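To keep things clear, I will list the structure first and then write my remarks on it.
The values are calculated or read from the model by the stated rules, or taken from the named source; none is laboratory data. On a predicted model such as this, the values are computed, not experimentally measured, just so you know. Neighbour counts are summed over all protein chains in view; Cβ atoms, including those assigned to glycine, are modelled from backbone coordinates with ideal geometry. SASA here: full protein model, heavy atoms, side chains in, ligands and nucleic acids out. Shrake-Rupley method; radii C 1.70, N 1.55, O 1.52, S 1.80 Å.
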Amino acid sequence: GAVVSQHPSRVICKSGTSVKIECRSLDFQATTMFWYRQFPKQSLMLMATSNEGSKATYEQGVEKDKFLINHASLTLSTLTVTSAHPEDSSFYICSARESSGGATDTQYFGPGTRLTVL
Amino acid sequence: QKEVEQNSGPLSVPEGAIASLNCTYSDRGSQSFFWYRQYSGKSPELIMSIYSNGDKEDGRFTAQLNKASQYVSLLIRDSQPSDSATYLCAVKRGGNKLTFGTGTQLKVEL
């Protein structure tokens, strides 16, 4: 099956610093990648949809200037949490869509990045 | 009304029994339906996808879809302790984003 990687798997940072998370599709080209956030005992919440070569589309309530997304190639998208604060501590998960976006395409998830802001 | 609803559980079943997980959705235009399994501290893993009314079987897993009732279910036969996880139902309209339910926690007891 399709494989998606994320790096780092875990990061601890001080309040006010920025953290970059990478998401890579290893064996397929992903024109679209998605970034989710999951708080403990809650479901996945979509933050933004990232399309290769264009600006990301953010969900309502997600600050685009705080969560910078770059989808520079068909296999790499990055999420940068700028000026992180403790309330940004969460499990960040990316997913990649394998095909062109029809009804039967499937999203494959990366292993997630656990962010802790002190 | 939530877009995708699941009973949070926990649903407890004895080892070897059939586990039945249910999900309802509100958007009648939904075309694609997915079940993901998520172990604690891990990311979701795709178990099944279903697009047409009826049943779809894959090993011990059977997904059932009833678009008229806006209902999708997942049956796990011969449940094993390793099946203990949270099961997320997700639906999609066309090529758009997935909408997830809050998940049902399944516990398979020895």
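Short version: what are the Cα gyration tensor semi-axes of chain A, square root of 5 times each eigenvalue, largest first, in whole Å?
Values: eigenvalues 107, 40, 35 Å².
Computed over chain A, the values are 23, 14, 13 Å.
On alpha-carbon atoms, Rg over Rh for the protein assembly as shown using Kirkwood Rh?
Working: Rg = 17.7 Å, Rh = 18.2 Å.
For the protein assembly as shown, the value is 0.98.
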Neighbourhood charge, 15 Å Cβ-Cβ cut-off, centred on A:Asn70 and excluding it, Lys, Arg +1 and Asp, Glu -1: +2
Whole-Å distance, taken between Cα centres, linking the stretch B:76-110 and the stretch A:2-77: 23 Å
Using θ = phi - 60° and Karplus 6.51 cos²θ - 1.76 cosθ + 1.60, couplings along the stretch A:82-93 (whole Hz; Gly, Pro as x): 8, 6, 5, 10, x, 5, 7, 4, 5, 9, 9, 10
Cα gyration tensor shape for the stretch B:38-110, rounded if a/c is under 1.5, else prolate or oblate: oblate
Charge tally in the Cβ shell below 13 Å around A:Val3, where Lys, Arg are +1 and Asp, Glu are -1, A:Val3 excluded: -2
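Let me know the volume per residue of the alpha-carbon convex hull for the stretch B:1-92, in Å³. Could you put the intermediate results ahead of the total?
Values: hull volume 8.9 nm³, N = 92.
Taking only Cα atoms, the stretch B:1-92 has a hull volume of 96 Å³ per residue.
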Average beta-carbon neighbours from other chains, 10 Å sphere, peptide B:29-40: 2
Inter-chain Cβ neighbour average for residues A:33-41, partner chain, 10 Å: 2
18 Å Cα-Cα reach of A:Lys20 towards lysines, excluding residues that sit fewer than 8 places from it in its own chain: A:Lys55, A:Lys64, A:Lys66
Exercise: per-residue mean of other protein chain Cβ atoms within 10 Å, A:87-93: 1
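Just to confirm, what accessible area per residue do you get for the protein assembly as shown at 1.4 Å probe, in whole Å²?
Averaged over the residues of the protein assembly as shown, the accessible area is 48 Å².
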Cα-centred dipole magnitude for chain B, charges only on beta-carbon of K, R (+1) and D, E (-1), debye, nearest 20: 400 debye
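Please compute the contact order of chain B in relative form: average sequence separation of alpha-carbon pairs under 8 Å and at least six residues apart, divided by the residue count, as a percent.
Details: 276 pairs, mean separation 42.0, N = 110.
Reported as a whole number, the value is 38 percent.
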Relative contact order of chain A, defined on C-alpha pairs under 8 angstrom at six or more residues apart (%): 36 percent
Cβ crowding within 10 Å averaged over residues, with A:110-116, A:69-75 ranked highest first: A:110-116, A:69-75
